1. Restricting the search to the stretch 96-115, which residues are in contact with a Ser or Thr (Cβ under 6 Å, 6 or more places away or on another chain) and exposed (fewer than 11 other Cβ atoms within 10 Å of the Cβ)?
2. Any idea how many residues of the stretch 40-55 are closer than 12 Å to residue 74 by Cβ and open to solvent by less than 50 Å² (accessible area, probe 1.4 Å)?
3. Of the numbered conditions (1) at pLDDT below 80; (2) touching a Gly at 6+ places or on another chain (Cβ under 9 Å); (3) open to solvent by 50 Å² or more (accessible area, probe 1.4 Å), residue 92 satisfies every one except a single condition; which is it?
4. Since residue 114 meets every condition but one in (1) at pLDDT below 90; (2) in a helix (DSSP H, G or I), which condition does it not meet?
5. Between residues in the stretch 126-139 that are free of Cβ contacts under 8 Å to residues at least 40 places away in the same chain and residues that are among the polar types (S, T, N, Q), which pairs lie under 7 Å by C-beta distance while being six or more apart or on different chains?
6. Tell me which of these residue 41 doesn't satisfy, since it passes every other one: (1) assigned to a helix (DSSP H, G or I); (2) at pLDDT 85 or above.
7. Given the options 166, 157, 212, name the one that is among the polar types (S, T, N, Q) and either at pLDDT below 80 or open to solvent by less than 40 Å² (accessible area, probe 1.4 Å) (or both).
8. Taking the condition open to solvent by 70 Å² or more (accessible area, probe 1.4 Å), closer than 27 Å to residue 167 by Cβ and acidic (Asp, Glu), does residue 80 pass?
Amino acid sequence: ILVLSDRTSDWKMNQALSEAVRAAETANRAKSTFLSNMSHDIRTPLTAIRAYVEGLMDNVANTPEKQERYLKVIQKKAADMDRMINQLFLFSKIELGERALPMEEMDLNRVVAEIVYENEDGWQRDGAVVTLSQSGGTLPVMGNAELWQRIITNLVSNSIKYKTDSIVQIQINTAKADGRISLVVADDGPGVAPDVLPRLKELFYRTDKARSRTGDGSGLGLAITKMIVTMM
């Protein structure tokens, strides 16, 4: 009986080890795919910037109107690169965990209110009306202020990016019920088909409609949001 018990224990240990190895291989493949796609996505605006700079140097943009248009494109592509590089840095921090992003107890009501206050003017300029509704008192949660900021700004940015009307209404709610604290970000936008919902949190996944509607998305926002939520 003792020998059988040892063999059973060894089998369970080997099975656990095999599962850990498979999980590590899957994570490495996902990381390699992420870095490869990120490199490609960064090169795309960089190529455009180079082309428009050469156009300015070669005097292809030979009128003030053309020059202004070229400079606006360069400015936008530079902003796209900055956004993607910031996402890459955040992805690296998430991999490092609490060493890079220490957790502390904070009041979710206060954190969310500060984020909305800091960003609402910019959101409004981009065509979003954001309404904040909060439960009374404090809502103590463990987390990181930088990560809470990224969660909310990613969700609101998605609503703005894929809106089909000139204005999108966004409701942010915090609440506490039955010992659980919730944060809800909802909008009146077009939504997505139910069959693609499970894939929205995959790295670099974008629906066909999203691809045709805007070139601004890289398919990272919701994937990073999921990583953050899981981490916290």
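The values are calculated or read from the model by the stated rules, or taken from the named source; none is laboratory data. Keep in mind it's a predicted model, so treat the numbers as computed, not measured. Neighbour counts are summed over all protein chains in view; Cβ atoms, including those assigned to glycine, are modelled from backbone coordinates with ideal geometry. We work out accessible area using only protein heavy atoms, side chains counted, and drop any ligands, DNA or RNA first. Shrake-Rupley method; radii C 1.70, N 1.55, O 1.52, S 1.80 Å.
1. none
2. Residues flagged as closer than 12 Å to residue 74 by Cβ and open to solvent by less than 50 Å² (accessible area, probe 1.4 Å) within the stretch 40-55 amount to 4.
3. Tallying (1) at pLDDT below 80; (2) touching a Gly at 6+ places or on another chain (Cβ under 9 Å); (3) open to solvent by 50 Å² or more (accessible area, probe 1.4 Å), residue 92 fails exactly one: (2).
4. (1)
5. Within 7 Å, the pairs are 138/109.
6. Going through (1) assigned to a helix (DSSP H, G or I); (2) at pLDDT 85 or above one by one, residue 41 breaks only (2).
7. 212
8. Answer is no for this residue.
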